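Structure, as C-alpha cells:
The values are calculated or read from the model by the stated rules, or taken from the named source; none is laboratory data. Remember, predicted model here, so these are calculated numbers, not experimental data. As a convention, Cβ positions derive from the backbone with ideal geometry for all residues, glycine included, and neighbour counts pool all protein chains shown. Each accessible area value is taken on the protein alone, full model and side chains, heavy atoms only, with ligands, DNA and RNA left out. Shrake-Rupley method; radii C 1.70, N 1.55, O 1.52, S 1.80 Å.
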Amino acid sequence: MTDAAPAFERAPDLPPPASTVGVVGWMRQNLFSTWYNTALTVLALWLIWEAVPPVVAWAFVDADWTGSTRDACAREGACWVFIKEWFGQFVYGRYPIDERWRVNLGAAILVVCAATLFFPRFPWKAWVSVFLLFGYPVVAFFLFSGDVMGLIWVETPLWGGLFLTLVLAIVGCVFALPIGIVLALGRRSRMPGVRAVCVAFIELWRGVPLITVLFMASVMFPLFVPEGLTFDKLLRALIGIMLFQAAYLAEVIRGGLQAIPRGQYEGAQALGLNYWKAMVLVILPQALKLVIPGIVNSFIALLKDTTLVLIIGLLDFLGMIQAAGTNPDWLGFAVEGYVFAGFVFWVLCFGISRYSLHLERKLHTGH
Amino acid sequence: MNESTAASRGPDDGAAIRMIGVHKWYGQFHVLKDINLSVDRKEKIVVCGPSGSGKSTLIRCINRLEEHQRGRIVVEGIELTNDLRRIDEIRREVGMVFQHFNLFPHLTVLDNLTLAPMWVRKMAKDEAEEVAMTFLARVKIPEQAGKYPGQLSGGQQQRVAIARSLCMNPKIMLFDEPTSALDPEMIKEVLDVMVDLAEEGMTMVVVTHEMGFANRVADRVVFMDEGEVIEQADPETFFNSPRNERTRLFLSQILSH
C-alpha cells in the first residue's frame, strides 16, 4: 500500500433505533402497529378476561380435591375426587391390581432404555436400540401377558386404560415404520410388479377409515377363518392399526425420498454402493430426517385415533373414563373425566411434538 | 481405431477404457452417435465441447450412471453389461467427481470418506479413517475432518469429493465439470489438486471448460459436438491448429474473451 492511498477503515456499527428494541419496541411492533391491530389486541384481552377466570374457578378454586366418595363433591366446581378414586382403573384398565407392578416394570424398562439414548456420551446406544426394537417387545409381551416364569396369565381383554392406549400406539407406530419404509421404496421401485403391489396396498389401506379396519378385524375376520382357529382380539386390532399406519407412513416417507436430489443416488452409486447400501446408508437417513414432522404428525394422529378401539369393545384410556362415568355411584362427573382425558392426551402429544423439534435440531447439519 | 481390430484384440489389451461404436438415446433423442474412444492406462483425457454435446453423458456411461443402448464399453478389462455384479465391480475401480460434489450432507467429512471403503471394500474403521486422513491431507484440508459438508466452501467440498473417490483406491478417475459450480476464486484450489493427481499418474477423463488445465495436463483433448467425437489431438495441435471447422468455432467462442 502506498502513502497516497488512504487506509481502509471499517465503518462503526450503530445501535438500532430505540423504538424497535426492548419490551416497548416489541409491543409497538407486534400488538399496536396499526389501528386494527390495536383493536384486535383490546378484543383479545377482553376475551381472556371473560374466559379465563371462570375456568380457573371451576377447575381449581371451587373444585373438590379431598374425599373418597361422591358425597365429598358438594361444591360448585370440578370434582377431582372422581379422577382420584378411579385413577388406577384409568391407567391399568381391568388389569388385576396385584399384577399392576408388571405394567409398571415394563414401562420402567422402556423409560430407562429410552432415556439412555438421550445422553450423547452413553457408549452402548446401538445395543440399547437393538434391544428396544427386537428384545423389548418380546420381554414386554411375556411380562404383560404372563403364563411364564410363575407369572399368572392375564388375558388381553383385561388390558385397558392408558396402558392399552400406549400399547396400541407404540406397537402400531414402531412396527408400522419399517413396513412403511419398505412400501415407500417399493412404490418407487423400477420393477413394475413390486410397484403395483405397493401402490395397491397403500391405496387400499389409505382409502378405508380406521373404524372400518377395526370392524373388519374384530367382526369380519373371524368369519373368514376356519372355525376353532381364533386370534386374540387385541392382536387383530393391533395388526389392523399397524397396516393402516404403515400405509400413511409410506406416503410420508415417499415425500422425503422424492426430496433427495438425484445426485445423492449417483454419488452413492459411483462409490460402488449397491441399492440397499445406498438406501440404508445415504438416502434413508436424509429422507427420514426430512419427514420427522410428518412422521410425528402421523404418530400423534394415531395416538388419538386408538380411542376408536372402544367401538370393538376394547377399553382403552377413554373407554375406561367413559365406563367410569356410567357407574351408578359416580353419575354426573363425565365432564371431569373428559377434561382429564383431554389433558392427558394433550400432555402426551405436546411431549411428542417437543421431542420431535429437539430431534430435528439435533440432526440439523447446516445444509 | 476401427471396430474390427479393437474387437479382435479382445477386451483386456492394456487400455483402461475402450468404447466401441457406442450409441445412446434418450427416448427419440440420439445423444451419443457411434463413439469410438480408448483411454490408455495413466493417460489424461480432457473432453470439451458446447453444452448439450453429450460429453457428460459420455463419461457417465463409463461407470454406468447412464446406460448405452448399442456398442461396447470395456473398463479395466470388464465389459459393461446389465450384469449388476460387473457394474459394481467397475464402480469400485472407477472414481467419479461431480459438478455439484454430491457429498452426503448428513455425514461428517471423515464419514463421507470412510463410508465406501468400510461398506464396499470391508475395510476396518480404523484403517479406513487412516486412509481418509491421508487423502484429506493430500487435498490440504485435514483440519475439516469433523465438519459437515454444509459448513465448507464450494472449493473445499469439491476437494473432499475428490478425496472421497480416492479413498476407494480407483484405477480411473472421471471428472464431470468439477469446477463449473464453483465461485471463480475457488477454481484454482480444485484444479491444483487435479494437477497433482495427474502428475502422480492417475488415469483421468475430465469434462471441463478449463482450457488452461487441458493445455497443461491433458495427453489428448477430445472435442465433442452433437453427440459425436469431432476431433481428438494432443493439446498443442488441438489449440494451435484444429482441423475441423466446428472445433475452430468452439475455440474462438471460449477463448475470445
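Here are a few things to note about the model shown:
- Point-to-point label distance, B:Q69-A:E360, nm (Cα→Cβ direction, 7 Å offset): 4.5
- Two-site FRET efficiency, A:R10 against A:K277, from Cβ-Cβ distance with R₀ of 51 Å, rounded to 0.05: 0.50
- Whole-number D in µm²/s for the protein assembly as shown (Stokes-Einstein; Kirkwood sum over Cα pairs; 10 °C, 1.306 mPa s): 52
- Anisotropy class of chain B from Cα gyration tensor, a/c 1.5 cut: oblate
- For the range B:117-150, accessible area lost to neighbouring protein chains reaches 50 Å² or more, against the chain alone with a 1.4 Å probe, at B:W119.
- 31 Å Cα-Cα threshold exceeded, pairs from A:K362/B:K171; B:K42/B:K188; B:K24/B:K125; B:K42/B:K147; B:K24/B:K188; A:K84/A:K362: A:K362/B:K171; B:K24/B:K125; B:K42/B:K147; B:K24/B:K188; A:K84/A:K362
- Inter-chain Cβ neighbour average for residues B:98-111, partner chain, 10 Å: 5
- To the nearest 10, the accessible area of B:D40 is 80 Å² with a 1.4 Å probe.
- Share of carbon and sulfur in the accessible area of the range B:153-257 stands at 44%, probe radius 1.4 Å.
- Label point of B:N240 set 7 angstrom out along Cα-Cβ; within the range B:209-225, amide nitrogens under 16 Å from it belong to B:215-221.
- Partner lysines for A:K277 [C-alpha distance under 16 Å; skip if fewer than 8 residues away on the same chain]: B:K122
- Accessible area per residue (1.4 Å probe, heavy atoms of protein chains only) ranks A:S129, A:S189 as A:S129, A:S189, with the largest value leading.
- Three-way shape label, the range A:190-342, alpha-carbon gyration tensor, a/c 1.5: oblate
- A simple spin-label model places pseudo-atoms 7 Å from Cα toward Cβ; at A:T20 and B:K140 they are separated by 4.1 nm.
- Percent antiparallel among DSSP beta bridges (both partners in the protein assembly as shown, rounded to 5): 50
- Solvent exposure of the range A:96-153 amounts to 70 Å² per residue of accessible area, where only protein heavy atoms count and the probe is 1.4 Å.
- When the Cα positions of B:Q232, B:G154, B:F98 are compared along the charge dipole of the protein assembly as shown, B:Q232 comes out farthest toward the positive end, with charges on each C-beta of Lys, Arg, Asp and Glu.
- Folded to 0 to 90 degrees: helix B:84-93 orientation relative to chain B principal axis, Cα: 70
- Axial C-alpha extent at least 27 Å, average Kyte-Doolittle at least -1.0 - helices from chain A (DSSP): A:35-56, A:161-187, A:233-259, A:334-363
- Remark: chain B carries 43 Å² of accessible area per residue (probe radius 1.4 Å; ligands, DNA and RNA excluded).
- Neighbour-limited loop hits for trypsin sites (Lys or Arg not before Pro), the range B:108-189 (at most 13 other Cβ within 10 Å; DSSP other than H, G, I, E, B): B:K122
- Buried accessible surface for the B/A chain pair comes to about 2000 Å², total over both chains, computed with a 1.4 Å probe.
- Solvent exposure of the range A:222-281 as accessible area per residue, Å², 1.4 Å probe: 48
- Residues in the range A:262-278 occluded by at least 40 Å² - accessible area, probe radius 1.4 Å, against chain by itself: A:Q264, A:E266, A:Q269, A:A270, A:L271, A:G272, A:L273, A:K277
- Residues A:R75 and A:V111, FRET efficiency given R0 of 45 Å [Cβ-Cβ distance, rounded to 0.05]: 0.75
- Reduction of at least 20 Å² in accessible surface, 1.4 Å probe, comparing all protein chains with the chain by itself, residues of the range A:328-367: A:T365, A:G366, A:H367
- With every protein chain in place and a 1.4 angstrom probe, the accessible-area ranking of A:W159, A:W86, A:W49, largest first, reads A:W49, A:W86, A:W159.
- Cβ-Cβ FRET estimate between A:T38 and A:F122, R0 fixed at 45 Å, reported to 0.05: 0.30
- Per-atom-type breakdown for the range A:1-103 gives carbon and sulfur 67% of the accessible area (1.4 Å probe, protein chains only).
- Inter-label distance, nm, simple model (7 Å from Cα along the C-beta direction), A:R94/A:I48: 4.8
- Heavy-atom accessible area ranking, 1.4 Å probe, most first, across A:F90, A:F119, A:F201: A:F119, A:F201, A:F90
- Computed with a 1.4 Å probe over protein heavy atoms only, the accessible area of A:R354 comes to about 120 Å².
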